[in-house]
Amino acid sequence: GAGVSQTPSNKVTEKGKYVELRCDPISGHTALYWYRQSLGQGPEFLIYFQGTGAADDSGLPNDRFFAVRPEGSVSTLKIQRTERGDSAVYLCASSLTSSYNEQFFGPGTRLTVL
Amino acid sequence: AQSVAQPEDQVNVAEGNPLTVKCTYSVSGNPYLFWYVQYPNRGLQFLLKYITGDNLVKGSYGFEAEFNKSQTSFHLKKPSALVSDSALYFCAVRDDTGGFKTIFGAGTRLFVKA
């Protein structure tokens, strides 16, 4: 079956611009996670959704970052006034339930802020 | 606060030899522990997990890991390495105190030489 998909695969933008990154989870997965992975590091937790609500957004670095999941399926990560330090691979993952199920990861969106 | 340490940036092993990739963790409550693998140009894939029960867990592709509570470790092992095992391995942890954040280690690159 279809796995987690993310679009675009690559995004190049200029400092100060607004970007949106999309995640399509596996059908039926109620839990959805966003991570950021910088070169040479492991994924860094950003936000977790259970259904439509953000159950834990403690990993969002500042108020320029925001994510939504209005119908409990597709999620969009939004970054305002992008900075060069936002350049990274943004990963999305989904799972069946929240607590101890393994996560299924998408291929990521590589964001480059010039 | 939760944390994960993977003390080796890189592990080199000859094909056919046993391999170990080390992981230690720190959590507030009881840990849920995971290993993921990242092949070149592919997304993170789940290998195995420890939730409760038997300390030795078996996973995909012949990998296994041993949970050691006293040493707070969850080392990944395989009795006989294959060249195709060469990849980037991540240890991850979350706890059972109700939070949803999953913390990943920095990763260990495994090179298996023919």
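The values are calculated or read from the model by the stated rules, or taken from the named source; none is laboratory data. What you see is a predicted model, and the numbers here were worked out from it, not measured in a lab. We place every Cβ from the backbone using ideal geometry, glycine too, and count neighbours over all the protein chains shown. Accessible surface areas use protein heavy atoms only, side chains included; no ligands, DNA or RNA. Shrake-Rupley method; radii C 1.70, N 1.55, O 1.52, S 1.80 Å.
One Cα centroid belongs to the range A:3-77, the other to the range B:55-88; the line between them spans 29 Å.
For the range B:67-72, putting each phi into the Karplus relation 6.51 cos²θ - 1.76 cosθ + 1.60 with θ = phi - 60° gives couplings of 7, 10, 5, 5, 9, 6 Hz, in residue order, rounded to whole numbers and with x for Gly and Pro. Taking all Cα pairs closer than 8 Å and separated by 6 or more residues, the relative contact order of the range A:37-114 comes to 24 percent.
Take the Cα of A:Y100, step 7 Å toward its Cβ, do the same at A:Q41, and the gap between the two points is 3.0 nm. By the compact-protein rule of thumb, 2.2 N^0.38 Å, the alpha-carbon radius of gyration of the protein assembly as shown corresponds to a ratio of 1.02. Note: relative contact order over the range B:53-101, using C-alpha pairs below 8 Å and six or more positions apart, is 20 percent.
Compactness of chain A is given as radius of gyration and Dmax, 13.2, 39 Å, from Cα positions.
Between A and B, roughly 1600 Å² of accessible area is buried in total, ligands, DNA and RNA not counted and the probe set to 1.4 Å. Counting only DSSP beta bridges with both residues in chain B, the antiparallel share comes to about 85 percent.
At a probe radius of 1.4 angstrom, the accessible area of chain B per residue rounds to 48 square angstrom. Partner lysines whose Cα lies under 27 Å from the Cα of B:K69, excluding those fewer than 8 positions away in the same chain, are identified as B:K22, B:K49, B:K58, B:K77, B:K78, B:K101. Zone of B:R109 (label point 7 Å along Cα→Cβ, backbone N under 19 Å): which residues in the range B:37-59? Taking a point 7 Å out along Cα→Cβ of B:R109, the residues of the range B:37-59 whose backbone N falls under 19 Å are B:37-45. For B:N30 and A:Q50, what is the calculated FRET efficiency with R₀ set at 22 Å and r taken between the beta-carbons, to the nearest 0.05? After rounding to 0.05, the efficiency reads 0.60. The phi-based Karplus calculation (6.51 cos²θ - 1.76 cosθ + 1.60; θ = phi - 60°) puts the 3J(HN,Hα) values of the range B:88-105 at 9, 10, 10, 9, 9, 9, 9, 10, 9, 8, x, x, 10, 6, 10, 9, 9, x Hz, whole numbers, x for Gly and Pro.
Between B:T52 and B:V83, the modelled labels are 4.5 nm apart [label points 7 Å from Cα along Cα→Cβ]. Per the Kirkwood formula on distinct C-alpha pairs, the Rh of the range A:15-55 is how many angstrom? Across the range A:15-55, the inverse of the average 1/r is 12.2 Å. A simple packing score, the average count of other Cβ atoms within 10 Å per residue, orders the peptides B:60-69, A:8-17 as B:60-69, A:8-17, with the highest score first.
Beta bridges from DSSP with both residues in the protein assembly as shown: antiparallel share about 90 percent, rounded to the nearest 5. The C-alpha radius of gyration of chain B, expressed as a fraction of 2.2 N^0.38 Å, stands at 1.02. Only protein atoms count toward the accessible area here, which uses a 1.4 Å probe; on the protein assembly as shown, the carbon and sulfur part of that area reaches 48 percent. Legend: calculated FRET efficiency, A:L114 to B:E64, from the Cβ-Cβ distance at R0 = 45 Å, rounded to 0.05, equals 0.50.
Protein-only accessible surface at a 1.4 angstrom probe places the residues A:S94, B:S28 in the order B:S28, A:S94, largest first. Using C-alpha pairs under 8 Å with a sequence gap of at least 6, the mean separation divided by the residue count of the range B:1-89 gives a relative contact order of 33 percent. Cross-link partners for A:K15 among the lysines, with Cα-Cα distance under 27 Å and sequence neighbours closer than 8 places in the same chain left out: A:K78. At a probe radius of 1.4 angstrom, the accessible area of the range A:26-114 per residue rounds to 43 square angstrom.
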